[in-house]
Every structure is written in structure tokens, then in C-alpha cells.
Amino acid sequence: FMKRRRKWSRYPPGPTSLPFIGTMLSVDFQNPHLSFNKLQKKFGNVFNLQNCWTNMVVLNGYKAVKEALVHRSEDFADRPYMPVYEQLGYGSKFPGIVMARYGHVWKELRRFTLSTLRNFGMGKKSLEERVKEEAGFLCSEISSEEGRPFDLRFLVNNAVCNVICTTIYGKRFDYGDETFKKLLHLFEEFLKEETGFLTQLLNVVPTLLHIPGLLQKVFRGQKEFMDFTDMFVHKHMETWNPAYTRDFTDEFLKEMKKGKAAEESGFNYNNLRLVTTDLFGAGTETTSTTLRWAVLYMILHPEIQSKVQAEIDKVIGRERSPTMEDQVSMPYTNAVIHEVQRCGDVVPIGVPHRTYRDTELQGFFIPKGTTIITNLSSVLKDETVWEKPNEFYPEHFLDTNGKFVKPEAFLPFSAGRRVCLGEQLARMELFIFFTTLLQKFTFVLPEDQPRPREDGHFAFISSPHPYLVRAIPR
Ligand code: HEM
């Protein structure tokens, strides 16, 4: 007992906890990373919060986050139990990947997904060709705007979504397709619902889920989004021929047919719909939002845009399509893309983790089962690491000889066992789409538009506030 008490005396500090609601009033759920930054100043890099009776610890700054995710990777590899997801079909046997508890099923599904995506060309030429083709379609669409002011959000989303959709569902959407517009809208609703105060409350007080009509009200978008992905999976099952593998879904169906052992390792119908939804969800909005930040920074910093274009002209020219091989000869462009990811800070508070066993961090005791928030934003803007943390400064990624360097605190994809599974694909997309866009167009702010805001709008993902742009053909 004394030993345990001594351990608890080293539990991280935090704001005063109120009866029932704990410290929930200390966090603005619309902008949690900003609240965390304030609390970090007061309580240090590791502080505790209490969502009703759920213990949470927030990790801030490069040192604390790296120690947890890299040096104590397994201790921090679990995910919290989120009862609200059961409404969408998630459960202990059907965890998908992103929210799966750390264990056998997650390991199997992650291993299978990574190797299947690699077989379909992640990090290889075949998928690169698909991304290049899609970048071509995107440029044609942008050309048809004929230099008029437009919001490129929809087109960029469509392009990025097509890359993932062809890989998992064997389907791409034409630009302007009504079904796609609906899908995108539902996904936005999904993200909004995910981050609201009510969702947080329902996760820690699941009995509230029994209030009639509440579920329908809070999770309408998420449910409709799942119905949509179900439709893709059903179509596959109807047209599936085991002799051919068209895409990721077919490969999963094949695995499902391997019998009981496969079924118990997670290869069942419910996981098929959840894993494909996870890939779609994790792989589209993140990448397309990063590209929207990229164009925004280019219109705000025309001199940087010109330097990128000069490098493109020198290494690739105006006609040939960019390839991943060009990346090594383009340190400035590479640095700009990395700085877009650092400043854009697209997943500011990461995805919640949970301690798998009692552990220690930075001298604090953190018990098993604690929800862990990795404040990635505080790493990407850590004042002890970056020279100008709050400015767009590509030189963060260049040495004095202009060679590309990547500081260890560059963690937009997180790190450790749960590191983003699609990092390679995302990096390929960012490089090919960005260089193709700047090879073909110069992006400028329309004359009558105010200077766009540089702060992000948070709904799990931090995205730029809507802005209009003109794409002038080069
Ligand atoms: C997880 C960032 C693109 C699939 C994550 C996490 C982050 C992240 C921060 C949480 C890691 C953690 O829990 O510590 C990003 C960013 C992207 C991107 C910034 C684009 C710029 C993608 C793409 C895919 C993808 C293209 C799919 C092909 C996943 C999956 C997970 C994940 C499946 C869950 C991994 C697990 O729990 O084991 N990503 N991601 N992501 N990402 Fe990404």
C-alpha cells in the first residue's frame, strides 16, 4: 500500500478537478491544443486532466512525446476504449486499426494492411504512376477555372480521395460527381461530431447513450458515412471473383476465406468495413488538408513559391511529370513541403493513446489504463527545437550548405508502434501533387480578397479557413 501511495505521489500535476465533471471546463474542445499550450505553461510538459472519472495525461514538447512513443513504445501503444464507436459497429473483436486496442487483432490487421498496400505499390512505381495520373487530372480541372478566383478545397480533396479509393475500392470519382460531394460532406460531419463536447462526455459517461434520440442526433453523419462505405463493400462482394485481385478489399475478402484462424485474427466482414473506412478516413482529409495549407503558404509567401518553381524548372523542366526520384535533387522544395507539414500542424493533438501497463515518464508515475494525449502541435512548434517555431521558415529543414536535413522533432505522423501507417503514401502524394501544381501554375491571392487567416480551424484535423485563389498558368 505504501509503495503504491508513493507512486501516486509522483502522478503528474494538473488543474483542480471539480466533482463529477473533473477538469472538463479547463479545456476548450473546439481548440484543445490551444488550451493544452496554456496548461503546459502552468503545469509543465506532463500534466493530468480528468474527463469526469477518466484519467488523462497530456504530453507536451519533443522530449516527453519522444520518450513515450519511441523509448517506451509498448507502454504507450494501447488505445482508450471509446464506447461511442460501438454505435458504428466497432467492438473488441471488430476494432478496425486506428482505434484498435493494442494486441493480436491490431497487429494482424496492421501487418496485413501494410503489406497489402505495399503490394499495391505504396512506396513503389505503380502507385506513383496512379498519383501522377491523378495530378494530371487535377491540373486539367484547375486549368478550366481559367485564372478565375476559386476554392480549391473540393478539387484537391477529390484528387487525394481518388488515390485511396482506387487502392481500396478500385474506384475513382470524376470531378464534380454528386456521389462524391455527398461522401465528402458526410466525412466533414463525421469529423465535427468526433470532436464535440457531447462526444467527449458520452465517451466517459456511456450510460447517457441510452437517452432516446440522442445517438441519432449526435452521430447522424458518422452513421451515414458508414452506410456509404458499406455500399462499396457490398458491391465488391457481389462482383468478387477469387481468381483476380482488383484492390485492397478483394485481398481482404481472400484472407477472410482462409478459415476460422483467419477469422479469429480479425479477418471478418465487420473488420473489412472498419479497416477500409479507417484507411479512407485517415488517408484523405489529412493529405488534402496539407496540400491546401501548401497552396495557402505559397500565396502568402510568393518569394518562396518562386524559389520552388526555379528549382522545378532546373531539375524537372516544364513538361516532364515529377517523379519521386527527383526529390533528392530538390532540397528546397523538399524543405518547403516539410515546413508546410510543420506549420500546418494538421493533426495537432494526434490520436489518443492509452498506457498498456504502469509506467514512468520524465520522472512521473503513469498508471496502466490512463488515456494519453500526445500534443503533436507542441512538438512541431517546440521553442527549444525550432529556430522560428511560429513562422513559415523552410530553412528549418536546410543546413548551411542548402542540403536537406530533417530534425528529429519533425513528428507530424507521430512515432513508435502506432506511427501513421500511410506515411509513405502521404509523402509520395505531397511531393507529386505539390511539384506538379507549381510546375503548371503560379498561385496568387485574388485582388479583391483579404489576406487569408494563418491560424487553423480545428475539427480533429486543423485546416485552413476557406480562401479563394487564382491559378495562373505558367
Ligand atoms: C495514424 C498523421 C496520412 C493511415 C496517424 C496518426 C497521425 C497520422 C498523427 C496517429 C499516430 C498515433 O496514434 O500516434 C497523418 C498525416 C497524414 C496521414 C499528417 C498526411 C499528411 C495517412 C494516409 C493513410 C493513413 C495516406 C492511409 C493510407 C493511418 C492509419 C493510422 C494512422 C491506418 C492508425 C495507425 C495505428 O493505430 O496503428 N496518422 N496521416 N494516414 N494513419 Fe495517418
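The values are calculated or read from the model by the stated rules, or taken from the named source; none is laboratory data. Because the structure is predicted, anything quoted here is derived from the model rather than measured. Neighbour counts are summed over all protein chains in view; Cβ atoms, including those assigned to glycine, are modelled from backbone coordinates with ideal geometry. Only protein heavy atoms, including side chains, enter the accessible area calculation; ligands, DNA and RNA are left aside. Shrake-Rupley method; radii C 1.70, N 1.55, O 1.52, S 1.80 Å.
General observations
- Interchain or long-range residues, amide H under 5 Å from residue 356's placed H: 76, 77, 78, 369
- Restraint check, 107/182; 314/440; 107/254; 93/235; 38/381, Cα-Cα greater than 22 Å: 107/182; 93/235
- Ordering of 461-474, 364-377 by packing [mean C-beta count within 10 Å, highest first]: 364-377, 461-474
- Carbon + sulfur, % of accessible area of the range 2-473 - ligands and nucleic acids excluded, 1.4 Å: 54 percent
- Tensor-based shape of the range 2-473 (alpha-carbon gyration tensor, a/c under 1.5 rounded, otherwise prolate or oblate): oblate
- Within the range 235-269, trypsin sites (Lys or Arg not before Pro) in DSSP loop having at most 12 other beta-carbon neighbours inside 10 Å: 257, 258
- Under the Karplus curve 6.51 cos²θ - 1.76 cosθ + 1.60, θ = phi - 60°, whole-Hz ³J(HN,Hα) for the range 12-26, x wherever Gly or Pro sits: x, x, x, x, 4, 9, 8, x, 6, 7, x, 10, 4, 6, 7
- Theoretical gain in end-to-end length, residue 92 to residue 238 [0.36 nm per residue, Cα-Cα removed]: 49.8 nm
- The phi torsions of the range 310-321, fed into the Karplus equation with coefficients 6.51, -1.76 and 1.60 and a -60° offset, translate into couplings of 4, 5, 4, 4, 6, 8, 10, x, 9, 9, 5, 6 Hz, rounded to whole numbers, with Gly and Pro shown as x.
- Aspartates and glutamates with Cα under 16 Å of residue 223, excluding same-chain neighbours fewer than 8 positions away: 86, 188, 189, 193, 194, 278
- For the range 399-474 and the range 83-153, distance of Cα centres in Å: 17 Å
- Highest-first packing order for the peptide set 174-185, 93-104 is 93-104, 174-185, based on the mean count of other beta carbon atoms within 10 Å.
- Over the chain, accessible surface divided per residue gives 44 Å², non-protein components excluded, 1.4 Å probe.
- Shown in residue order for the range 34-40 are the 3J(HN,Hα) couplings computed by the Karplus curve 6.51 cos²θ - 1.76 cosθ + 1.60 at θ = phi - 60°: 5, 5, 4, 4, 5, 5, 4 Hz (x for Gly and Pro).
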